[in-house]
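The values are calculated or read from the model by the stated rules, or taken from the named source; none is laboratory data. Here the structure is a predicted model, which is why all the values come from computation and not from measurement. Neighbour counts are summed over all protein chains in view; Cβ atoms, including those assigned to glycine, are modelled from backbone coordinates with ideal geometry.
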Amino acid sequence: MRIGVDVGGTKIEAALMNSNDDIVVTRRIATPRDDYAAAVGAIINIVEDIEKHAGQPCPVGFGIPGTVSPATGKIKNAPNSPFIGFCLDKDIAAELGRPIRMLNDANCFALSEAVDGAAMDANIVFGIILGTGCGSGGVIDGKPLIGANAISGEWGHNPMLWVTEAEFPDLPCECGQTGCIETCLSGTGFLAHHYRETGEALMPKDIAARAASGDKSCDASMTRYETRLASALASIINMIDPDVIVLGGGVSNIEPLYKNVPRYCAQWAFSDHVSTTLVAPKHGDSSGVRGAACLWPKDIEENIGLVNEMNT
């Protein structure tokens, strides 16, 4: 059995997954804000609570905002969380008294969908979380891409491409740059651009619903969003040519995206035909904890050896 923990800036979710990849039990708590020690304590408590149901120590994997810097060993690229600047993996391992595995949460999402989700059996998978921010990660042959700087897949902090000067998306990004993909394609960015054009503060799902009912301003916002998403996805296709792109987060629930966006992609992809498929996640909100658990081997005998090693 394996435990996956999805550590976010606002909530911590943990799940116990058995050898059939079924989630046996889950727990969710709020993340203590602006208090690193309290946040680490909350993580330890939720792991220990979940572990009671297993009856033995289990391998534990963590999906986190940001990543562990190879240069400093500290968490980086995790704004609005209490973890940035701390050695989170080492501190948790010390508290639990065993090795743990830790990876960016978007990579965990992509891994979950690649292992047994919407992109199962695909060789190259790219996963994108279109939520408050715009996280993303890649998986090749079942293994997550990490990279020399541990930032592989940080597509959301590239500039929005193929837009005219007049429509350049000049909203500032939390990374310090202006016009990042995240400022356009996150749920927050979708809302912000619609508000700037119309003066209406609508959630993405409401923009989509009103567009479907014939609202012209919402239809214009949907078309703008779909074409921008298509051009941004085309840049991924041109770089790593994935078999499948999986969308997650709240925006992924807007069904017209899966029909319209691939149609627009062709004008920017450097190919005579685009075979990459765009799909919704199979595991939905559970992909984070599932992917974190999948950082450890599935084979039960191998895990028994790991648990024995952890206890010596």
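Below are the figures for this structure:
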| read-out | value |
| --- | --- |
| Scope the range 72-110; condition over 20 Å from Arg2 (Cα atoms), in contact (Cβ under 8 Å) with a residue 12 or more places away in the chain and assigned to a loop (DSSP other than H, G, I, E, B); matching residues | Gly73, Lys74, Asn77, Ala78, Pro79, Asn80, Ser81, Pro82, Phe83, Phe86, Cys87 |
| Qualifying residue in the range 257-267 (condition: more than 18 Å from the chain's Cα centre (by Cα), part of a loop (DSSP other than H, G, I, E, B) and more than 19 Å from Ala118 (Cα to Cα)) | yes |
| Residue check, Asn80 surrounded by fewer than 17 Cβ atoms within 10 Å (Cβ to Cβ), within 18 Å of Ala293 (Cα to Cα) and outside the structural domain of Asn149 (by TED's automatic domain parsing) | no |
| Criterion: under 21 Å from the mean Cα position of the chain (by Cα), among the hydroxyl-bearing types (Ser, Thr, Tyr) and at pLDDT 95 or above - qualifying residue of Ser81, Ser69 | Ser69 |
| Any chance Tyr258 is in contact with a strand residue (DSSP E or B) (Cβ under 9 Å, 6 or more places away or on another chain), without any contact (Cβ under 8 Å) to a residue 40 or more places away in the chain and of a type outside the set (Lys, Arg) | yes |
| Leading residue by the ranking (farthest from Asn123 (Cα to Cα)) among those in the range 241-276 that are among the polar types (S, T, N, Q) and touching a Pro at 6+ places or on another chain (Cβ under 8 Å) | Ser252 |
| Single match in Asn158, Asn123 (criterion: under 24 Å from Asp22 (Cα atoms), of a type in the set (S, T, N, Q) and touching a residue at least 24 places away in the same chain (Cβ under 8 Å)) | Asn123 |
